[in-house]
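Read the structure below first, then the notes.
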4 protein chains.
Amino acid sequence: MTSEVEARSGWLSADQIRDARAQLPILYVEALPVRCDSVGSIVSVGLLLRAMPDGSISRSLVTGRVMYGELVRDALLRHLEKDLGNMAMPQIPLSMTPVSVSEYFPNPEVSGLHDPRQHAVALSYIVPVSGDCAPSQASLDLAWLTPSEASSPEMASEMTGGQHKVLLTLLASVGAL
Amino acid sequence: MTSEVEARSGWLSADQIRDARAQLPILYVEALPVRCDSVGSIVSVGLLLRAMPDGSISRSLVTGRVMYGELVRDALLRHLEKDLGNMAMPQIPLSMTPVSVSEYFPNPEVSGLHDPRQHAVALSYIVPVSGDCAPSQASLDLAWLTPSEASSPEMASEMTGGQHKVLLTLLASVGAL
Amino acid sequence: MTSEVEARSGWLSADQIRDARAQLPILYVEALPVRCDSVGSIVSVGLLLRAMPDGSISRSLVTGRVMYGELVRDALLRHLEKDLGNMAMPQIPLSMTPVSVSEYFPNPEVSGLHDPRQHAVALSYIVPVSGDCAPSQASLDLAWLTPSEASSPEMASEMTGGQHKVLLTLLASVGAL
Amino acid sequence: MTSEVEARSGWLSADQIRDARAQLPILYVEALPVRCDSVGSIVSVGLLLRAMPDGSISRSLVTGRVMYGELVRDALLRHLEKDLGNMAMPQIPLSMTPVSVSEYFPNPEVSGLHDPRQHAVALSYIVPVSGDCAPSQASLDLAWLTPSEASSPEMASEMTGGQHKVLLTLLASVGAL
């Protein structure tokens, strides 16, 4: 009964998730929250501190799975609210065409992006937030950095799974590298 | 003296504009203002009513020239404020990579986009606005339409110079066609 | 034994596919093959004729699933070769950022894109082909149409599941609407 | 007489170019030529060696002005053929939406991109070439580098005017950073 509801609602049991992860690429959304000035230039970027799939405590983008039956747009908003709180006031992009597509593999050599649990394909976005952000649920902290701090080698060493490469790609797309 | 100031400031005299228009493609920015719901889906699009270069009174995008020394980002904000008023609260895009590039020629057959005055190349954007909009300066009216009203053949007949084609391209880019 | 190999290789048994489709969004790639002139303008677009998930015989984009462990780039090439033959010489895009993201749901009202079998999320591309194309495997025919023929209401009536809307979005993105 | 022809044809006299450059942003196209493998991954990127506006001999993108009356698409092809020769076989992108917009100012602090001669706004593209390239006209050399060589600090020191930043943005857009 529970698992029927879970399946229908897009929530999977632990067993189902384990099975699916061994069989299919899993669709994720991934977001870099940013604060902008009045002409839309990025002033700071937000990075979470969280326990990562590889067991480390690392800086991370907002990220999460798209559920069965869920629009990508709704998944993006859901994960932003889950990780930044309900007062973050994210401005979801007009287009769901991502800034880039990030392909994570159990084998770190396939793409340079690594997820030991699964083959995950993430649609990656930059999302301006204008409200108050508070790290929630699994996140230990939320830090706001300038684009140049975020793109530094120091920050690269604090991000795992290749996420710093994703961060650089996102910053480059808006000329903030 | 006046013209020196104008040249340095990016404002040209009528003579200078006429000369430049016969010699060089002129860089423009062009914007479709939109209102969005909380998940970033477009609810309505704003079209100005104004006197057009071809002498007609037509529906139009927000549009204007990039001045000498001016960032594209600043030109976009300036023209939005000029045409929609100071309370429009436009959310300038993070990236100045346009949604499309619109090439207007004195000869309407070159690209399908027509400007009898000049060869103009416009960087075209979609810009969400969250404040109060009031048509200003040269605009006679500002109408808010649903995406499907805006993309209808009726609206095509109210826009000149091929701007309805630009509108369709912009709407298509966000899946709102 | 067979199913183990299938799971590891990314090929699923019929049962496994049925289960996964009830639980997770399934990742697809989707491509509009085009022929271009020497300056990169689209001369014609290719549409397959095939049996569709809804039981109809309809015009269709090249489309197919991304397998476990497979790069999106490799999936795109594999499906192009499967549907157009080995001599098509597709020019796979430099960037795997799609032109648009197409979300198909069992319920046709969620997004306007419909797949009765599953919730499928397709990364949609335009791919120039320079070689000889021959419809293969499940396809009955391959027709080359001008962009304006392809975007006509007549063609809309020959495509199901909302794919004509995807086609219009792709054509709009390159100014070929 | 000559200048009339020049004006109509889009070619300006030295005087006219000097005047225009003091009054208007000048529209450019800019391209990074690349060689790809059969799945569209970048194998190497081409950089010219040429005399730059600042007087240095530096590594450079393919770059040049869009003329009055000329389509951006035709300008891009013209400059690629001018700088790489007639046998380069460039694959002009399907869409003229650039990968990024590069804004060069006489004042190097406005955008970080610098052109002492003028305010230039370049539409920047990546263009695969499949033929034989030979540096021509004003170029002294054409070097093919791996993406990681091209993005190295060593190469940054060989490029002026901020063009290495443009190169990084272009490489990031295709995940080649």
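From A:55, A:112, A:64, which residue is outside any helix (DSSP H, G or I) and in contact (Cβ under 8 Å) with a residue 40 or more places away in the chain? Sole residue among the options that is outside any helix (DSSP H, G or I) and in contact (Cβ under 8 Å) with a residue 40 or more places away in the chain: A:112. Return the residue satisfying two criteria in turn: it lies in the range D:43-60 and is more than 14 Å from chain C (Cβ to nearest Cβ) and among the aliphatic types (A, V, I, L, M), and of such residues it is nearest to residue D:107 (Cα to Cα). Among those that are more than 14 Å from chain C (Cβ to nearest Cβ) and among the aliphatic types (A, V, I, L, M), it is D:52.
Filtered by the rule that a residue be within 18 Å of residue C:177 (Cβ to Cβ), aliphatic (A, V, I, L, M) and touching a Lys or Arg at 6+ places or on another chain (Cβ under 7 Å), the range C:32-58 gives C:43, C:47. If we keep just the residues of the range B:134-146 that are among the hydrophobic types (A, V, I, L, M, F, W, C) and surrounded by fewer than 20 Cβ atoms within 10 Å (Cβ to Cβ), which is farthest from the other protein chains (Cβ to nearest Cβ)? Per the criteria, the residue is B:140.
Of all the numbered requirements in (1) in contact (Cβ under 8 Å) with a residue 12 or more places away in the chain; (2) within 14 Å of chain B (Cβ to nearest Cβ); (3) hydroxyl-bearing (Ser, Thr, Tyr), residue A:97 misses one, and that requirement is (1). Out of B:32, B:48, B:27, B:84, one residue alone is in contact (Cβ under 8 Å) with a residue 40 or more places away in the chain, touching a Cys at 6+ places or on another chain (Cβ under 9 Å) and buried (at least 17 other Cβ atoms within 10 Å of the Cβ). It is B:84. For the structure I just gave you, tell me whether residue D:104 is more than 16 Å from residue D:150 (Cβ to Cβ), among the aromatic types (Phe, Trp, Tyr), out of contact with any Cys (no Cβ under 9 Å at 6 or more places or on another chain) and in a strand (DSSP E or B). Criteria met by residue D:104.
Give the range B:51-63 a look and list any residue that's surrounded by 15 or more Cβ atoms within 10 Å (Cβ to Cβ) and either at pLDDT 95 or above or among the polar types (S, T, N, Q) (or both), or say none. Those that are surrounded by 15 or more Cβ atoms within 10 Å (Cβ to Cβ) and either at pLDDT 95 or above or among the polar types (S, T, N, Q) (or both): B:58, B:59, B:60, B:61, B:62, B:63. Here is a check on your reading of the model: is residue A:73 of a type in the set (Lys, Arg) and farther than 30 Å from residue B:176 by Cβ? Judged against the criteria, residue A:73 is not a match. There is no residue in the range B:134-145 that is touching an Asp or Glu at 6+ places or on another chain (Cβ under 6 Å) and modelled with pLDDT of 95 or more. Which of the numbered conditions does residue D:149 fail, given that it passes all the others? Conditions: (1) among the charged types (D, E, K, R); (2) free of Cβ contacts under 8 Å to residues at least 40 places away in the same chain; (3) crowded, with 16+ Cβ neighbours inside 10 Å. Of (1) among the charged types (D, E, K, R); (2) free of Cβ contacts under 8 Å to residues at least 40 places away in the same chain; (3) crowded, with 16+ Cβ neighbours inside 10 Å, only one is false for residue D:149: (3). Residues in the range A:12-33 that are at the interface with chain C (Cβ under 10 Å from one of its Cβ atoms), part of a helix (DSSP H, G or I) and either more than 13 Å from residue C:16 (Cβ to Cβ) or charged (D, E, K, R) (or both): A:17, A:19, A:21.
Screening C:159, C:96 for residues that are among the hydrophobic types (A, V, I, L, M, F, W, C), within 22 Å of residue C:44 (Cα to Cα) and at pLDDT 95 or above leaves exactly one candidate, C:159.
Is it true that residue B:169 is among the polar types (S, T, N, Q) and touching a residue at least 12 places away in the same chain (Cβ under 8 Å)? Against the criterion (among the polar types (S, T, N, Q) and touching a residue at least 12 places away in the same chain (Cβ under 8 Å)), residue B:169 qualifies. When the range B:153-177 is filtered for residues that are in a loop (DSSP other than H, G, I, E, B), out of contact with any strand residue (DSSP E or B) (no Cβ under 7 Å at 6 or more places or on another chain) and within 14 Å of chain C (Cβ to nearest Cβ), only B:177 remains. Applying the condition of being within 8 Å of chain B (Cβ to nearest Cβ), in contact with an Asp or Glu (Cβ under 8 Å, 6 or more places away or on another chain) and hydrophobic (A, V, I, L, M, F, W, C) to the range D:100-114 and asking which residue is surrounded by the fewest Cβ atoms within 10 Å (Cβ to Cβ) yields D:110.
With respect to the conditions (1) among the basic types (Lys, Arg); (2) closer than 24 Å to residue C:169 by Cα; (3) in a helix (DSSP H, G or I), residue C:50 lacks only one, and its number is (3).
When we screen A:69, A:40 for residues that are in a loop (DSSP other than H, G, I, E, B), facing another protein chain (nearest Cβ under 8 Å) and modelled with pLDDT under 95, the only hit is A:40.
The values are calculated or read from the model by the stated rules, or taken from the named source; none is laboratory data. Quick caveat: nothing in here was measured; it's all calculated off a predicted structure. Heads up, the Cβs are rebuilt from the backbone with ideal geometry, glycines too, and the neighbour counts pull from every protein chain shown.
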